[in-house]
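Structure first, then comments.
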């Protein structure tokens, strides 16, 4: 499986661009991908994206960086080195849609489908399923909507979230700027703990796996 995360210039996949892609092969974590590119001229930049990544618009449009198209094609070439090419991550369908919208812009949709298909696994679903098994209810708010965001998923897995938190362009928690590979690694560690009840990556060994995640594994 491929733990995937992207950093973008905003949330609208039809109007914003991708400037960073991070991924790693869960079965062989030493095989990873991280590249940056410059967004296309027509891509817009939302203020929230700059706040959460600590970047400026000038950095996202840096003419010294490779084209967004080249970065995406390099990612697909890397993905071909993975044995299992199923994308997995927190709300990974959004990441895939973002990439596909760019692929469609470049007229290369067949390339994406040939390499990765269109099927994926969402860490959110795995986390909600495990939460329900532990608590007999899903983790939802008073309106019935899911509250299982990445911060809560990490908490369920016994890992603190040191990243900056943002809601509707407003900072709700200070922390480290988001990075695609670091977020992909966080997702990969959560996947290992949720599915197998064991640690995957060395930087997270210091965070004990909750007893509830070990019981069924």
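One table, with the values for the structure above:
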quantity	calculated
Within segment 1-37, tally of residues that are without any contact (Cβ under 8 Å) to a residue 40 or more places away in the chain and more than 23 Å from residue 116 (Cα to Cα)	2
Qualifying residue in segment 73-88 (condition: without any contact (Cβ under 8 Å) to a residue 40 or more places away in the chain and either crowded, with 16+ Cβ neighbours inside 10 Å or closer than 22 Å to residue 177 by Cα (or both))	yes
Members of segment 173-199 found to be assigned to a loop (DSSP other than H, G, I, E, B), farther than 14 Å from residue 126 by Cβ and more than 17 Å from the chain's Cα centre (by Cα), listed by number	174, 175, 198, 199
Helices (runs of 4 or more DSSP H) (entirely within segment 1-117) containing at least 3 residues that are more than 18 Å from residue 163 (Cβ to Cβ) and in contact with a strand residue (DSSP E or B) (Cβ under 8 Å, 6 or more places away or on another chain)	68-79, 92-105
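For (1) surrounded by fewer than 17 Cβ atoms within 10 Å (Cβ to Cβ); (2) over 25 Å from residue 9 (Cβ atoms); (3) in contact with a helix residue (DSSP H, G or I) (Cβ under 8 Å, 6 or more places away or on another chain); (4) at pLDDT below 95, each residue gets a yes or a no:
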residue	(1), (2), (3), (4)
132	yes, yes, no, no
136	yes, yes, no, no
155	yes, yes, no, no
162	yes, no, no, yes
169	yes, no, yes, yes
175	yes, no, no, yes
183	no, no, yes, no
189	no, yes, yes, no
200	no, yes, yes, no
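The values are calculated or read from the model by the stated rules, or taken from the named source; none is laboratory data. Computed from a prediction, not measured in an experiment: that's the story for all the values here. Neighbour counts run over all protein chains shown; Cβ positions are idealised from the backbone, glycine included.
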